[in-house]
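To keep things clear, I will list the structure first and then write my remarks on it.
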Amino acid sequence: MTGREPAATAPGGGVEPASAPIVVRALVARGTGAELRIERVRLPAPGPGEVRVTIRAAGVCHSDLSMVNGTIAARFPLVLGHEATGVVAEVGPGGRLPVGTPVVLNWAPACRACWWCRRGEPWLCADTTAPTVPRGETEDGLPLHLTLGLGALAEAVVVPESAVVPIPAGLPVEQAALLGCAVLTGVGAVGNTAGVTAGQSVAVVGLGGVGLAVLSAARRAGASPILAVDVAEAKRDLAIAAGATDFLLSDDRLSKEVRARTEGRGVDHAFECVGRAATIRAAWRLIRRGGALTVVGMGAKDDMVSLGALDIFHSARTLRSSVYGSSDPDREVPALAAGLADGTLDLGVLVSGTMSLDEAPVAFDRLARGEGARWVVTLD
Ligand SMILES: [Zn+2]
Ligand SMILES: [Zn+2]
């Protein structure tokens, strides 16, 4: 339900035109470890260069959980969600997108003017102030913080136009939502960051939504073998369905098992999709001399990774991170959406189930227990 507030009275005694704040239902965290609740929140009318998007589907990503459980420092009250698709419902003054345009939300909108944007690295845009500014307020009048500047587990968001990417109409919404985080990140990590090529060997550590997206991108890149690694045996079937050639449990035999499948060398590329020092170290040990580790998981500030100085030199390995798949969402989301439209990209395996906004807290419990791939909230 999306209720428009009574229009404010203008100074002249008349009634303000069309644009006014609206009240929507949203999934809100009030503090670290606090119970998640659906609350009614007030969103401002879109200002110049902004749009209001009615959300159709939003995935629950591990980074949302990290905001709630204290892994990532967050400000509260916080609307969760940053991986979503919806439809432009209202455009602020001077906006260019027509109402009704289907879009995917982009949590790293690029300014296109800073040093990084100008040298073609928009995922590292230096204009990072926007996501930290509160927008809207709770019913009891507190400024509202938004996960990664979006707060997409809600009936609607009000965001800069640069934070939406138009997509074709008619795509399955529960799959289109994933283009905004897990899939763009996974596909980009494999193609843009690591540059995996056909015939290279790959290991993927951590099989949440992003890890599974990495597996399927590695398969499309022609990698072989593709070794999927997780602590939960329950991920085996999902991993194979997503594109893994082998599933390996993360235990003390892991390094040996990987070497047994790579002529004793280790893999060309490992992807760490957890964001923990222990799994970064584990993934590091799976790579061959001269291979590369790409860290995709977002970890905690004080979780220190220790590597031997001689090991770093002698192994000649590369350690790097992939922020948002080193991608330009304005270019790459439409390409992925086109794949969904023509059937060359099927993300069905990544969607473990859909649920209503009221059921969203359940998705966080399942994520915390490591169950399934992506749980997606759908809204009518
Ligand atoms: Zn995410
Ligand atoms: Zn920039």
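No lab work stands behind these numbers, since they all come straight from the coordinates. Fair warning: this is a prediction, and the values are worked out from it, not measured in the lab. All Cβ positions, even for glycine, are placed from backbone atoms using ideal geometry, and neighbour counts span all protein chains on display.
Can you check what the Kirkwood hydrodynamic radius comes to for the stretch 295-380, Cα pairs only, in Å to one decimal?
Hydrodynamic radius (Kirkwood, Cα only) of the stretch 295-380 equals 17.0 Å.
Taking N as the number of residues in the stretch 235-350, what value does Rg over Cα atoms divided by 2.2 N^0.38 Å take?
Scaled against compact globular proteins, the figure is 1.23.
Would you order V274, V351 from fewest to most other beta-carbon atoms within 10 Å of each residue's own beta-carbon?
If I rank by nearby Cβ atoms, fewest first, I get V351, V274.
Calculate log10 I(q)/I(0) of the stretch 244-295 for q = 0.12, 0.22, 0.28 Å⁻¹, where I(q) comes from the Debye formula with a single equal point scatterer on each Cα and nothing for solvent.
Debye output, listed in q order: -0.23, -0.79, -1.24.
May I ask you to evaluate 6.51 cos²θ - 1.76 cosθ + 1.60, the Karplus curve with θ = phi - 60°, for each residue of the stretch 133-143 and list the ³J(HN,Hα) values in order in whole Hz, giving x for glycine and proline?
7, x, 9, x, 8, 7, 4, 8, x, 8, x
So what J values fall out for the stretch 366-378 if you push phi through Karplus, 6.51 cos²θ - 1.76 cosθ + 1.60 with θ = phi - 60°, rounded to Hz, Gly and Pro as x?
3J(HN,Hα) across the stretch 366-378, in whole Hz: 5, 4, 4, 8, x, 8, x, 9, 10, 9, 10, 7, 10.
Across every pair of different alpha-carbon atoms, what Kirkwood hydrodynamic radius in Å does the chain reach?
By the Kirkwood definition, the hydrodynamic radius is 21.3 Å.
Please list, ordered by chain and number, the residues whose modelled amide H lies under 5 Å from the amide H of I167; skip anything fewer than 5 residues away on the same chain.
Those lying under 5 Å, H to H, from I167 are V103, V104.
Calculate how steeply helix 209-220 sits against the longest principal axis of the alpha-carbon atoms of the chain, using the helix alpha-carbon long axis, and give the answer as 0 to 90 degrees to the nearest 10.
Approximately 60 degrees, to the nearest ten.
Kindly write out, for the stretch 309-317 in residue order, the coupling ³J(HN,Hα) from the Karplus curve 6.51 cos²θ - 1.76 cosθ + 1.60 (θ = phi - 60°), rounded to whole Hz, with x marking Gly and Pro.
4, 5, 4, 4, 5, 5, 6, 6, 7
Can you give me the Kirkwood hydrodynamic radius for the stretch 100-195, using every pair of distinct Cα atoms, in Å to one decimal?
15.0
Rank P134, A152, A110 by how far each Cα sits towards the positive end of the charge dipole of the stretch 97-201 (+1 on Lys, Arg Cβ; -1 on Asp, Glu Cβ) and give me just the farthest.
A110
Taking only Cα atoms of the stretch 133-175, what ratio of Rg to Rh do you get with Rh as the Kirkwood inverse-distance radius?
Looking at the stretch 133-175, the ratio lands at 1.06.
Would you mind pulling out the separation of the Cα centroids of the stretch 162-192 and the stretch 199-215, in Å?
17
Quick one: which residues, 5 or more positions from R56 or on another chain, have an amide H under 5 Å from its amide H? H modelled 1.01 Å from N in the peptide plane, none for Pro or chain starts.
Those lying under 5 Å, H to H, from R56 are T85, G86, V87.
Taking the beta-carbon count within 10 Å as an exposure proxy, list W375, W116, W123 from fewest neighbours to most.
Arranged by neighbour count, lowest to highest, W375, W116, W123 become W116, W123, W375.
Please report, largest first and rounded to whole Å, the three semi-axes of the ellipsoid equivalent to the stretch 130-278, where each semi-axis is the square root of five times an eigenvalue of the C-alpha gyration tensor.
Gyration-tensor ellipsoid for the stretch 130-278: 36, 18, 14 Å.
Sort the stretch 29-146 into rounded, prolate or oblate with this rule: let a ≥ b ≥ c be the square roots of the eigenvalues of the Cα gyration tensor; rounded if a/c is under 1.5, and if a/c is not under 1.5, prolate when a/b is larger than b/c, oblate otherwise.
The shape class here is oblate.
If the only charges are +1 at each Lys and Arg Cβ and -1 at each Asp and Glu Cβ, what is the size of the charge dipole of the chain around the Cα centre, to the nearest 20 debye?
1100
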